[in-house]
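Working notes for the structure below.
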């Protein structure tokens, strides 16, 4: 989708704004940085929407994209990052995520199956241990071998050694 097409879709959605919580960007990022769609995000921010953006695991320029999403998207940065595990590779980015109280959507099964990345589980643990708000997801079960949220939670327990206390902590970060 081009930035022009994205803006057209955004404008077409405005009559339904009472049913829309936020505006996001997903799909492949290769040679398509988040700021390519800045006009749409700026407009969405001005119109009072929350904004989120994919920062895919293993994507080219992932750290640069995460920095753009944290600091620049929509003029003030996004409200949430989808994926963005590479923030764990840069302590300054991780500190900014924490400082801005951004949430992150994490979908462990998809990363292990389709990213070809290593250190997935270690990154999830680093992000959790940093006190970042993470929401565990399944990321399109129909495309992910029919794996649902319960499978992702089981994976975190078995492979990331999440305890019951860790799962309670995940919930409590969103409660405050």
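Quick note: the coordinates plus some simple rules give every number you see, no bench work behind them. Every value quoted in this text rests on a predicted model; they were computed, and no experiment measured them. Cβ sites come from the backbone with ideal geometry, for glycine too, and all protein chains shown count toward neighbours.
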Next item on the list: Pick out which of 22, 58, 110 has the largest mean-square fluctuation in a Gaussian network model of the chain, springs linking Cα atoms closer than 10 Å.
Entry: 22
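Calculated FRET efficiency, residue 168 and residue 19, Cβ-Cβ r, R0 30 Å, to nearest 0.05? Kindly include the intermediate steps, with their values, before the conclusion.
Numbers: r = 32 Å, r/R0 = 1.07.
Rounded to the nearest 0.05, the efficiency is 0.40.
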Checklist line | Whole-number percent relative contact order across the chain, with pairs defined as alpha carbons under 8 Å at least 6 apart | finding: 15 percent
Notebook entry, point to check: Any idea how far apart residue 42 and residue 71 come out in nm if each label point goes 7 Å out from Cα toward Cβ?
Noted result: 1.8 nm
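For a footprinting-style exposure proxy, rank 86, 54, 161 by other Cβ within 10 Å, fewest first.
Ranking 86, 54, 161 by Cβ neighbours within 10 Å, fewest first, gives 161, 54, 86.
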Note to self: Taking the beta-carbon count within 10 Å as an exposure proxy, list 113, 55 from fewest neighbours to most.
What the structure shows: 113, 55
Next item on the list: Give the share of C-alpha pairs in each 5 angstrom bin for segment 3-172, from 0 to the last occupied bin, in whole percents, shortest bins first.
Entry: 1, 8, 18, 20, 19, 16, 10, 5, 1, 0
Next item on the list: Could you line up 126, 20, 132 from fewest to most neighbouring Cβ atoms inside 10 Å?
Entry: 20, 126, 132
Note to self: Testing the spin-label approximation: label points 7 Å from Cα along Cα→Cβ at residue 157 and residue 119. State their distance in nm.
What the structure shows: 2.9 nm
Item checked: Among 62, 115, 152: highest mean-square fluctuation, GNM of the chain, C-alpha pairs under 10 Å -> 115
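Using a Förster distance of 25 Å, how high is the FRET efficiency between residue 135 and residue 4, based on the Cβ-Cβ distance and rounded to 0.05? Don't jump to the answer; show the numbers that get you there.
Details: r = 31 Å, r/R0 = 1.26.
In this case the efficiency is close to 0.20.
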Item checked: Using alpha-carbon coordinates, inclination of helix 62-71 to the longest axis of the chain, degrees -> 60 degrees
Next item on the list: On a C-alpha basis, how far is the centre of segment 137-160 from the centre of segment 1-67 in Å? Whole number, if you could?
Entry: 25 Å
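Would you calculate a helix-derived [θ] at 222 nm for the chain, using -39,500 (n - 2.57) for each DSSP H run of n ≥ 4 and dividing by the full residue count, to the nearest 500? Don't skip to the answer; put the middle values down first.
On the way: 8 runs with 79 residues, N = 176.
Calculated from helices alone, the mean residue ellipticity at 222 nm is -13000 deg cm²/dmol.
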Check: Which one of 89, 26, 146 has the biggest mean-square fluctuation once the chain is modelled by GNM with Cα springs under 10 Å?
Finding: 146
Note to self: Rounding to the nearest 10 and keeping the result within 0 to 90°, find how far the Cα-based axis of helix 164-175 lies from the longest principal axis of the chain.
What the structure shows: 20 degrees
